[in-house]
Amino acid sequence: MSIRHGLLALLERGPRYGSQLRTEFESRTGSTWPLNVGQVYTTLSRLERDGMVAQGGEDAAGHTLYTITDSGRAELRTWFENPVDRTSPARDELAIKLAMAVGAPGVDIRDVIQSQRRHTVKAMQDYTRLKAQALAAVESSSARERDDVAWLLVLEQLIFQTEAEARWLDHCESRLIRLSATAANAPAAPAARPGTEEAAPAARPAAPAPDAPPVAGAR
């Protein structure tokens, strides 16, 4: 998630101060990714250092206002015009957990999958309920329609994401079942005796040829 570009997008609508930016960011995303004021002001300081925002005086209450610069607008346009890079995906805790659970002593990976599936289904149900509320707000044409539409898009992404996660968990369980069945049906290799290599059969003495001449000196 790019807090940096999110703040630039909000500042393009006009000057704002830190707490205002935090409130509008959370309103636009339904507080899915909550921010604290410290994060906002740290990001604003870096944007100011990079010449993308500038301080633009104070409002009536004495809050320091920030405005977007031409460099900031150019950065924002580039962000909107270019796809999000998926070639270096962020670390996914669930994928890492299942990878480490494979063969871990005392861990039944099936229990890990079942526990996660229950949580994922519950999250999907919660997101679906919130989506119904967001749809109702959008259809009511309230004054916050823009934020409601933005929140609806975020919710739908979360629903698709949890649906995909549930399908992946089903796939993982099926994969483990197939691998277990394959291992159970595999023929067992003969065991060698401890401390020795498998001995080769003893060589038998060669029998004399049927018409071989007598050996000299033999009686």
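For this structure, a couple of remarks:
- Per the listing A199, A164, A150, A181, the residue uniquely at pLDDT below 55 and not acidic (D, E) is A199.
- If the condition is being of a type in the set (A, V, I, L, M, F, W, C) and surrounded by fewer than 18 Cβ atoms within 10 Å (Cβ to Cβ), then the range 11-42 contributes W33, V37.
- Hits in the range 58-81 (condition: under 14 Å from R4 (Cα atoms) and open to solvent by 60 Å² or more (accessible area, probe 1.4 Å)): S71, R73, R77, T78, W79, F80
- Residue, most open to solvent (accessible area, probe 1.4 Å), within the range 82-119, restricted to residues that are of a type in the set (S, T, Y) and modelled with pLDDT under 95: T87
- Residue check, Q157 within 20 Å of the chain's Cα centre (by Cα) and surrounded by 14 or more Cβ atoms within 10 Å (Cβ to Cβ): no
- Cross-chain or 6+ apart pairs with Cβ under 9 Å, the range 103-126 first and more than 15 Å from W168 (Cα to Cα), then open to solvent by 40 Å² or more (accessible area, probe 1.4 Å): V107/M100; A123/E165
The values are calculated or read from the model by the stated rules, or taken from the named source; none is laboratory data. These figures come from a predicted structure and were not determined experimentally. Positions of Cβ are backbone-derived with ideal geometry, glycine not excepted, and every protein chain shown enters the neighbour counts. Ligands, DNA and RNA are stripped out before the accessible areas are found, and what is left, the full protein with its side chains, is counted by its heavy atoms. Shrake-Rupley method; radii C 1.70, N 1.55, O 1.52, S 1.80 Å.
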